[in-house]
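For reference, the structure is listed below as structure tokens.
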Amino acid sequence: AAVTIAVEGGGGGSYGGGAGRVAASSFRTYYRPLNKQADFIEALRQSRAFAARVSHELKLDVYAYSLFHVFFEQYLSVLYDTAAMVGLPLLAVACVSWSLSGSLWSAGLLVAVLASLLVHLGGAMLLAGIQVNAVSLVNLAMALGIAVEFCAHIIHAYMVAPPPPPPPPPLPPSTITITTTAPDVTATTIPMMTQSAAAAAALSRASRSRAALVSVGSSVLSGVTLTKLVGVAVLAFAHTQIFEVYYFRLYLALVVLGAAHGLVLLPVLLALVGPPPWQEATVVLSSL
């Protein structure tokens, strides 16, 4: 609107340099009493929606601002941010693991174990009273990178384990007869069992998983788990709540869960559904 008010005896108005038009204005509104965090988040969401509706109807740039908006704005997109902060690093880990190991099978197992670790870490956050916010999301992204160290050494040792010797050719079905001189016992014929290729492969996976634990299991326990546990223990004596809650509790849960997944769950999965060794995979690929 055009400004036509003249100020007499007081000099030019504070809006005198605005070329006779109001460039911007503001007005104050009030929220109902807000007590809980959910109330603040909903108030911010409703004020943003109201400002967007007014901007659309009046064809003006209208926005809402309050002092608490900057603290609660992160919660408006926390679900999307969580999916991005967890999904993108998992995808990156899968691509890097596949490119370095050359095995999509092992990369899939690594991602599955890391996803399980993140789910358990989310449960630990719930039990420890850690909220999902910007600080915990950053820690989750860092935890994913740290968790790779618990698993990558085991998978690498499993992949480089020497392949087992080829199974012997299957023998023709045969039987063995047991006779006795006792008058009341008849002769018994028992079929002989031969080891199948599937059973030999299962034994191969189990032996390679055991060899991987023997090779690098102690290094993961002492060089990764215990060193990180000592470093995290220092945060238990912090007097600031953010360090005690969002760092000590979260990273303590990460170390415990990472050791459990890397030294217990992953070897079991490798023994059950592990990929073939590098030498065998190379022979198969070269024959295609």
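The values are calculated or read from the model by the stated rules, or taken from the named source; none is laboratory data. All values reported here derive from a predicted model rather than from experimental measurement. All Cβ positions, glycine included, derive from the backbone under ideal geometry; neighbour counts span all protein chains shown.
Miscellaneous remarks
- Options SER209, SER219: the member that is loosely packed, with under 14 Cβ neighbours inside 10 Å and in contact (Cβ under 8 Å) with a residue 60 or more places away in the chain: SER219
- If you filter region 140-164 down to residues that are assigned to a helix (DSSP H, G or I) and either touching a strand residue (DSSP E or B) at 6+ places or on another chain (Cβ under 9 Å) or not hydrophobic (A, V, I, L, M, F, W, C) (or both), you find that the one that is nearest to THR227 (Cα to Cα) is GLU149.
- Looking across region 35-90, the residues that are among the acidic types (Asp, Glu) and either within 29 Å of the chain's Cα centre (by Cα) or closer than 30 Å to VAL148 by Cα (or both) come down to GLU42, GLU73, ASP81.
- Restricting ALA107, ALA94, ALA84, ALA64 to those that are surrounded by 13 or more Cβ atoms within 10 Å (Cβ to Cβ), assigned by TED's automatic domain parsing to the domain that holds GLN131 and touching a Phe, Trp or Tyr at 6+ places or on another chain (Cβ under 9 Å) reduces the list to ALA107.
Listed here are the residues, each with its yes/no results for (1) aliphatic (A, V, I, L, M); (2) under 21 Å from VAL111 (Cβ atoms); (3) modelled with pLDDT under 90.
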site	(1), (2), (3)
GLY231	no, no, yes
PHE237	no, no, yes
GLU244	no, no, yes
TYR251	no, no, no
GLY262	no, yes, no
LEU269	yes, yes, no
PRO276	no, yes, yes
LEU285	yes, no, yes
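- Count of residues meeting criterion [buried (at least 16 other Cβ atoms within 10 Å of the Cβ) and either in contact with a Phe, Trp or Tyr (Cβ under 7 Å, 6 or more places away or on another chain) or of a type in the set (A, V, I, L, M) (or both)] in region 67-81: 2
- Subset of region 110-128 that is farther than 11 Å from VAL86 by Cβ and of a type in the set (Gly, Ala, Ser) - its residue that is surrounded by the most Cβ atoms within 10 Å (Cβ to Cβ): ALA124
- Of all residues in region 129-140, those being surrounded by 15 or more Cβ atoms within 10 Å (Cβ to Cβ) and either on the phi > 0 side of the Ramachandran plot or out of contact with any Asp or Glu (no Cβ under 7 Å at 6 or more places or on another chain) (or both) number 7.
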